[in-house]
Amino acid sequence: MSDLSKIVVSTRVRLARNIEGYVFPSHLKGEKQAREIIRLVTSGLSRLDGFQDDQFKVYYMNSVTPEEAQILKENHLISPNLIKNSRISAAVINNDESISIMINEEDHLREQCILKGFELETAYHTMAQIDARLSNSMKFAFDEQLGYLTACPTNLGTGLRASVMAFLPALTINGIMPKVYRSISRLGLTVRGVYGEGSDAEGYMYQISNEVTLGVTEREILKQVGDVVRKVAELEEAERLSLKKGDSALDVKDGCMRSFGILTNCAKLSTSELIKLTASVKLGACLGYIDISDPSEIDDLVIKMRPANINEAAGRELTPVERDIYRAEYVTKHIKQIKGGN
């Protein structure tokens, strides 16, 4: 049994839904229809437990500043498409940012739950409950043969995307990822980067998700994604052992330790450097070279230190150089704090 806590970073379950009687967002005629859809969704959500107790916040994208939109994107709460559709779109997000419902993105609703760790069942149960409540207050576009109707044919059927973010440095370093891509693709799953389709696998981070939603049940999707993630985790663990015992073991250890040295002694630090160096430090922690009891804290650090989040933390828009200085100071202090659990 693999130690998934050192491999799986987070889990996301997303449901795509459209409201019967309205055209897809790309064909909406004017802002009036868009506002009607937003009102329908927020009204339906108001019936959820906790919604009226300030547990959720509505973001009307035409009223959100570019900086605020970028923060939401950096935190994986909204997509680039929602920002592009800002004239007609909105997002509803709960306080702990585990639930995000995008309105008028590619579909009328993109309901998602994001949890830390390997939590497919919990994320699905959370989203299914919300989806069931919403379906009581609005009629979703549904066909007896095709299932839920969606803007993109790849989401037809269940409309369910189950994805797991995995940290796979050893498979990447040892050149095994192309084989993993091919094997996963043959099973009807896909591998993407940190921010989904078209994005890069920064810092050895990969999203593994189902690609087929038609002709399969939600339970079958969850099981298949879970089984594949467990298998990939086993392969990653085997390759991590080879990194520790192979001919390049000393070089790997040296690289991890050097990265730690730079992160704790730098005067400025760019986003790309942060991603590369923290990935190396996290690998060092996973291999036992660096005394960091909870490597997942490094993942939070990378998100917090992206440009828009830094500006928010600083309380003003910093210049690129000022951000690099701020990032270096913050990361140096934080890495030293989490080393050894201090």
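Using a probe of 1.4 angstrom, how much of the accessible area of the chain is carbon and sulfur, in percent?
50 percent
Rounding to the nearest 10 and keeping the result within 0 to 90°, find how far the Cα-based axis of helix 249-263 lies from the longest principal axis of the chain.
That works out to roughly 70 degrees.
For the ranges 210-220, 71-81, what's the packing order if you count other beta-carbon atoms within 10 Å of each residue, average per peptide, and put the highest first?
71-81, 210-220
Expressed in nm to one decimal, what extension gain is obtained for the pair Lys231 and Glu97 from 0.36 nm per residue of sequence separation less their Cα-Cα distance?
45.3 nm is the gain from fully extending Lys231 to Glu97.
Using R₀ = 22 Å, calculate the FRET efficiency as 1/(1 + (r/R₀)^6) where r is the Cβ-Cβ separation of Thr217 and Gln129; round to 0.05.
Given R0 = 22 Å and the Cβ-Cβ separation, E is 0.80.
Let a ≥ b ≥ c be the square roots of the eigenvalues of the Cα gyration tensor of segment 192-327; is it rounded (a/c under 1.5), or, if not, prolate (a/b larger than b/c) or oblate?
oblate
How do 243-254, 282-293 rank on mean C-beta neighbours within 10 Å, highest first?
282-293, 243-254
Please calculate how many Å² of accessible area the chain carries per residue, with a 1.4 Å probe and no DNA, RNA or ligand atoms counted.
49 Å²
So if I take the centroid of the Cα atoms in segment 1-37 and the same for segment 69-115, what is the distance between those two points in Å?
One Cα centre to the other: 8 Å.
Per residue, what volume in Å³ does the convex hull of the Cα atoms of the chain enclose?
140 Å³
When only the heavy atoms of the protein chains count and the probe is 1.4 Å, how do Met127, Met257 rank by accessible area, highest first?
So the residues, ranked largest to smallest area, are Met257, Met127.
Using alpha-carbon pairs under 8 Å, 6+ residues apart, how would you state the relative contact order of segment 200-342 in percent?
Worked out over segment 200-342, it gives 26 percent.
At each listed q (0.13, 0.20, 0.22, 0.23 Å⁻¹), what is the log10 of I(q)/I(0) that the Debye formula gives for segment 1-113 modelled as equal alpha-carbon point scatterers?
-0.50, -1.07, -1.26, -1.35
Please give me the summed charge of the neighbours of Leu171: other residues whose Cβ is under 14 Å from its Cβ, Lys and Arg +1, Asp and Glu -1.
Around Leu171, the charge tally is +1.
Using a Förster distance of 45 Å, how high is the FRET efficiency between Asp254 and Lys139, based on the Cβ-Cβ distance and rounded to 0.05?
Taking R0 as 45 Å, the efficiency between Asp254 and Lys139 is 0.15.
Provide the gained length on full extension for the span Ser242 to Ser293, in nm with one decimal, where the gain is 0.36 nm per separating residue minus the Cα-Cα distance.
Here the answer is 16.2 nm.
Per DSSP helix of 4 or more residues, -39500 (n - 2.57); summed, then divided by the residues of the chain. What does that give at 222 nm, rounded to the nearest 500?
For the chain, the value works out to -14500 deg cm²/dmol.
Going through the cross-link list Lys304/Lys336; Lys84/Lys231; Lys116/Lys276, which pairs have a Cα-Cα distance over 28 Å in this structure?
Lys84/Lys231
Before anything else, pin down the relative contact order of segment 80-181: Cα pairs under 8 Å, at least 6 apart, normalised by residue count, whole percent.
Value for segment 80-181: 14 percent.
Given a Förster radius of 45 Å and the C-beta distance between Tyr60 and Asn265 as r, what FRET efficiency does 1/(1 + (r/R0)^6) yield to the nearest 0.05?
Taking R0 as 45 Å, the efficiency between Tyr60 and Asn265 is 0.50.
Using 7 Å Cα-to-Cβ label points, what is the Glu121/Asp3 separation (nm, one decimal)?
2.3 nm
The values are calculated or read from the model by the stated rules, or taken from the named source; none is laboratory data. Just so you know, these numbers come straight off a predicted model, no measurement behind them. Note that each Cβ is placed from the backbone with ideal geometry, even for glycine, and that neighbours are counted across all protein chains shown. SASA here: full protein model, heavy atoms, side chains in, ligands and nucleic acids out. Shrake-Rupley method; radii C 1.70, N 1.55, O 1.52, S 1.80 Å.
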